[in-house]
Amino acid sequence: MANAVETAKDETGFEPKIVAFLCKWCSSAGSDLAGVSRLQYPSNAVPITIMCSGSMSPMFVLSAFNKGADGVLVSGCHPGDCHYLKGNFFARRKIYLVQKLLQFVGLENDRFRMSWVSAAEGVKFAGVVDEFVKDIKKLGPQTRLKAKR
Amino acid sequence: MTKRTGVFVCHCGNNIAATVDVARVAKEMGEVEGVIFSKDYVYMCSDPGQSTMANAIKDNKLDSVVVSCCSPTLHEKTFREVTEDGGELNPYRCEIANIREQCAWVHKDKPKATEKALKITKAAIKRVQNNQSLTPIGVPVTKKVMVIGGGVAGIQAALDLANAGLQVVLVEKSPTLGGNMIKLSETFPTLDCSQCILSPKMVEVSKNKNIKLLTQAEVQDVSGFVGNFKVKVRQKAIFVDPELCKICDDCSKVCPTVVKNEYDENLTARRAIFIPFAQAIPATYTLDESSCLGLNPVVCGKCADVCEVGAINYDMRPKIITEDVGAIVVATGFDLYGKENLGEYGMGKYDNVLDGLQFERLCSASGPTGGHVLRPSDHKEPKNVVFIQCAGSRDPESHCAYCSKICCMYTAKHATLYKHHVPDGQAYVFYIDIRSGGKGYEEFVQRSMERDEVMYLRGRVSKVYEQDGKMVVKGVDTISGKNVQIDADMVVLALAMQPSKGTADVAKTLKIGRDKDGFLAEAHPKLRPVESVTAGIFLAGAAQAPKDIPETVCQASAAASKVIALLSKDELMHSPAIAKVRLSHCTGCEMCVQACPYGAISLTGPGAKASVNDVLCEGCGTCQAVCLRAAIDVKNITQLQIHDMINASLGV
């Protein structure tokens, strides 16, 4: 993990801005576990804890890209394990459509990602962020949906 | 929007301060619009830290507060209490920014970690500035408890609860109470007879007016929430009326079907109509549908013909029973690790390779041999018996990684019991380590070595096979460094414990977590060992982790006392952070009604607009994500608040 952090520094010094929407019951707790286990991962992703991945409105994704995010991550409970019975099934369907929409408007696929991380998967959480940051670094800054001001 | 926000940044000793420039966070956050007070302190959660916060709220007339510290799962409750009690401000005006687990602990670069901490804290400020004051919603509780599993854990929990005056529904899958414990012969380290100590408790359950016992029943569906669960239980038809059955045994004498007897661990046989054992509770015969010739008087019908009291009725059908309960205790117990997984020890292939529970039955006075240790193949007394510990345990490559905890002790007990039954025999034990922590446990193991001359060999067994009527055990003694071969008459494997087969399904139905080995997951490994992650559902016994009888009884009583404390109140407080409809925007399209996992939204009133049932709503926000007109929002995490948080997270 430490090695990955080292190699992630690229020459241009580009540090992607990422918003990570984490379900309170699984991925946010999983990120807490990553913390308790002192796993190291890049600091680019700023977490926003939401009640359920099912409460993830497509507007939040568009809003984040509009405000200049280089990547958006949504992380919820594994399908079948939703704290609220079936919220993550809604999330899965909706996010598929958002992905299609983003493709349609010409945004790179890798900029928007959904992951399933349970409260017990601290290692997985650190890995997901690590990999996401690396992939976004390859893509460079996001300008397609960023508001011009 | 609030105008007088206070920000408190915690150093957490050096936990946060080592990687986050806390003074800078406090300073820069003090300059955010609407923030009028900002301070860093070494331990916000300490007594002086809490008073600092309470006084700052009062002195500066703060109307919203952010504490930038550890995860909200740890201290959100603490700081909201400070806000309410000391600061005299509504607790929902306080939000936590997690800059420890999600920031300081996972990054090393101080400037970058500080940047991230600034964004996290600013996002929390933007959120709290649009928070409303909320009051928890009181919900009446059902003073009734469901206990799932009728082993010693379930029995103990049910009795404790019933004796405290609560109504209990005890659900057991098999035809009788007793679980694994009732099969044991004697228990370590005192060697008191297991049946003698458990049977009276089983009778107590059947006599207790507060306990409703449902055997041959399984939980099918659970809905609701802490204080108000609705549980659907499916009870199989047993085809015998327990009220009429006189336990005369006439029916099983005429029954033509013979199948293996599960209670005797398949060492004996039973009929299709049977009673598991004489002391079974409920005390009635039961007809096993799967082995009966057809529940049809035309095909057989012998048992019904001979039953003088007419207790047998082939027309009985399964029942679905719905129970309203306030809390649930899960005590689904353990099964032994599948013998089919241990081919190298010949388990399942040779009659004279037994597992620990089968050996218990051989030693038991009520067992297949009437308490004489005889080998199953030829009913001769075995003169050399090899006990193999850690069969399936402590073997991360091929089997279970964990220690099954009780095997060291029960193997020492088995060897001792064997010597009591066959004084001129020799017992050998292969072990990796001897783990005998517990009152009187170490002394018991020592006694088995010294007085009963059990030979302990430190090492693993590589192979067990049959040759000339003997079980040849090949292993290594790592202390002498030599290969060992023992020509034994019988081999007993201390198989690993694993959660009982139904545990996975129960966990799924109840929506409680399991750990990597499949045991039920506790809410906190140290501080909340009997609670599941779901409020109102508690754990007891070996379904949570391998444990012996005293520990199981402890945990069952602990779970019961947690339930008693929970149900001692007349009302439980339900989170007020629930969905709210903006009627001016709602068109009554029903998208939210269909999306709500709890059926909490319905169309009411003039113009049929959405309305939320305060008690049913859990505040998940699935509704807000489907509403096309943003007409529904979860209080204190509204869509506008999330947009503000997105801005703050991106440094906009």
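Residues of region B:545-560 include none that is more than 14 Å from chain A (Cβ to nearest Cβ), free of Cβ contacts under 8 Å to residues at least 60 places away in the same chain, among the aliphatic types (A, V, I, L, M) and surrounded by fewer than 17 Cβ atoms within 10 Å (Cβ to Cβ). Of all residues in region B:634-646, those that are at the interface with another protein chain (Cβ under 7 Å from one of its Cβ atoms) and either part of a strand (DSSP E or B) or crowded, with 20+ Cβ neighbours inside 10 Å (or both) total 6. Inspect region B:586-605 for any residue being aliphatic (A, V, I, L, M), closer than 25 Å to residue A:76 by Cα, free of Cβ contacts under 8 Å to residues at least 24 places away in the same chain and surrounded by fewer than 21 Cβ atoms within 10 Å (Cβ to Cβ) and give the result as yes or no. Looking for residues that are aliphatic (A, V, I, L, M), closer than 25 Å to residue A:76 by Cα, free of Cβ contacts under 8 Å to residues at least 24 places away in the same chain and surrounded by fewer than 21 Cβ atoms within 10 Å (Cβ to Cβ), one finds at least one in region B:586-605, hence yes. All of B:339, B:302 fail the test of being surrounded by fewer than 21 Cβ atoms within 10 Å (Cβ to Cβ) and either at pLDDT 95 or above or in contact with a strand residue (DSSP E or B) (Cβ under 7 Å, 6 or more places away or on another chain) (or both), apart from B:339. Just need a number here: residues in region A:67-91 that are more than 14 Å from the chain's Cα centre (by Cα) and either basic (Lys, Arg) or within 9 Å of chain B (Cβ to nearest Cβ) (or both). Summing the residues that are more than 14 Å from the chain's Cα centre (by Cα) and either basic (Lys, Arg) or within 9 Å of chain B (Cβ to nearest Cβ) (or both) in region A:67-91 gives 11. When B:38, B:68 are checked against the criterion of being touching a strand residue (DSSP E or B) at 6+ places or on another chain (Cβ under 6 Å), within 14 Å of chain A (Cβ to nearest Cβ) and under 12 Å from residue B:125 (Cα atoms), B:68 stands alone in meeting it. Report whether or not residue B:134 is over 21 Å from the mean Cα position of the chain (by Cα), modelled with pLDDT of 95 or more and within 14 Å of chain A (Cβ to nearest Cβ). Spelling it out, it is not the case that residue B:134 is over 21 Å from the mean Cα position of the chain (by Cα), modelled with pLDDT of 95 or more and within 14 Å of chain A (Cβ to nearest Cβ).
Listed here are the residues, each with its yes/no results for (1) touching a Lys or Arg at 6+ places or on another chain (Cβ under 6 Å); (2) assigned to a loop (DSSP other than H, G, I, E, B).
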site: B:173; (1), (2): no, yes
site: B:198; (1), (2): no, no
site: B:203; (1), (2): no, no
site: B:218; (1), (2): yes, no
site: B:222; (1), (2): no, no
site: B:230; (1), (2): no, no
site: B:238; (1), (2): no, yes
site: B:242; (1), (2): no, yes
site: B:253; (1), (2): no, no
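Of all residue pairs spaced 6 or more apart or on separate chains, those with beta-carbon atoms under 6 Å, a first member in region B:145-172 that is farther than 24 Å from residue B:548 by Cβ and a second member that is assigned to a helix (DSSP H, G or I) are B:145/B:161; B:145/B:563; B:164/B:564; B:168/B:158; B:168/B:161; B:168/B:162. When B:631, B:579, B:608 are screened for being more than 7 Å from every other protein chain (Cβ to nearest Cβ) and surrounded by fewer than 18 Cβ atoms within 10 Å (Cβ to Cβ), only B:608 passes. For the condition of a type in the set (A, V, I, L, M, F, W, C) and touching a residue at least 12 places away in the same chain (Cβ under 8 Å), residue B:608 qualifies.
For region B:510-521, a residue qualifies if it is crowded, with 17+ Cβ neighbours inside 10 Å, free of Cβ contacts under 8 Å to residues at least 40 places away in the same chain and more than 12 Å from chain A (Cβ to nearest Cβ), and exactly one does: B:519.
Only a single criterion out of (1) within 25 Å of residue B:269 (Cα to Cα); (2) not in a helix (DSSP H, G or I) is not satisfied by residue B:388, namely (1). Only one entry of A:91, A:119 meets the criterion of being in contact (Cβ under 8 Å) with a residue 40 or more places away in the chain, small (Gly, Ala, Ser) and either part of a loop (DSSP other than H, G, I, E, B) or under 29 Å from residue B:519 (Cα atoms) (or both), and that entry is A:119. Every condition in (1) touching a residue at least 12 places away in the same chain (Cβ under 8 Å); (2) farther than 30 Å from residue A:126 by Cα is met by residue B:119 except one, and the failing one is (2).
Among the residues of region A:30-50, the ones that are of a type in the set (A, V, I, L, M), at the interface with chain B (Cβ under 7 Å from one of its Cβ atoms), in contact (Cβ under 8 Å) with a residue 60 or more places away in the chain and crowded, with 24+ Cβ neighbours inside 10 Å come to 1 in all.
Residue by residue, here is whether (1) at pLDDT 95 or above; (2) not in a strand (DSSP E or B) holds:
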position	(1), (2)
A:10	no, yes
A:13	no, yes
A:16	yes, yes
A:20	yes, no
A:25	no, yes
A:30	no, yes
A:40	yes, yes
A:46	yes, no
A:49	yes, no
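In the set (1) without any contact (Cβ under 8 Å) to a residue 60 or more places away in the chain; (2) not assigned by TED's automatic domain parsing to the domain that holds residue B:415, residue B:467 fails one condition alone, (2). Here the condition is being at pLDDT 95 or above, under 30 Å from residue B:225 (Cα atoms), crowded, with 24+ Cβ neighbours inside 10 Å and of a type in the set (A, V, I, L, M, F, W, C); of B:106, B:145, it holds for B:145 alone. Of the residues making up region B:87-102, one or more are assigned to a loop (DSSP other than H, G, I, E, B), more than 9 Å from chain A (Cβ to nearest Cβ) and within 30 Å of residue A:39 (Cβ to Cβ). Taken together, the residues in region B:479-509 that are farther than 30 Å from residue B:469 by Cβ, of a type in the set (A, V, I, L, M, F, W, C) and surrounded by 19 or more Cβ atoms within 10 Å (Cβ to Cβ) amount to 3.
For region B:103-116, the candidate set comprises residues that are assigned to a helix (DSSP H, G or I) and facing another protein chain (nearest Cβ under 9 Å); within that set, the residue that is farthest from residue B:576 (Cα to Cα) is B:112.
As a summary of the residue check, residue B:112 satisfies the conditions (1) without any contact (Cβ under 8 Å) to a residue 12 or more places away in the chain; (2) buried (at least 19 other Cβ atoms within 10 Å of the Cβ); (3) basic (Lys, Arg) except for the one numbered (2). Having 2 or more residues that are touching a Gly at 6+ places or on another chain (Cβ under 7 Å) and under 30 Å from residue B:225 (Cβ atoms) is the bar; report the strands (runs of 3 or more DSSP E) wholly within region B:259-377 that clear it. Once the strands (runs of 3 or more DSSP E) in region B:259-377 are filtered for at least 2 residues that are touching a Gly at 6+ places or on another chain (Cβ under 7 Å) and under 30 Å from residue B:225 (Cβ atoms), what remains is B:327-330.
The values are calculated or read from the model by the stated rules, or taken from the named source; none is laboratory data. Quick caveat: nothing in here was measured; it's all calculated off a predicted structure. Because the Cβ atoms are built from the backbone with ideal geometry, glycine has one as well, and the counts that use them run over all protein chains shown.
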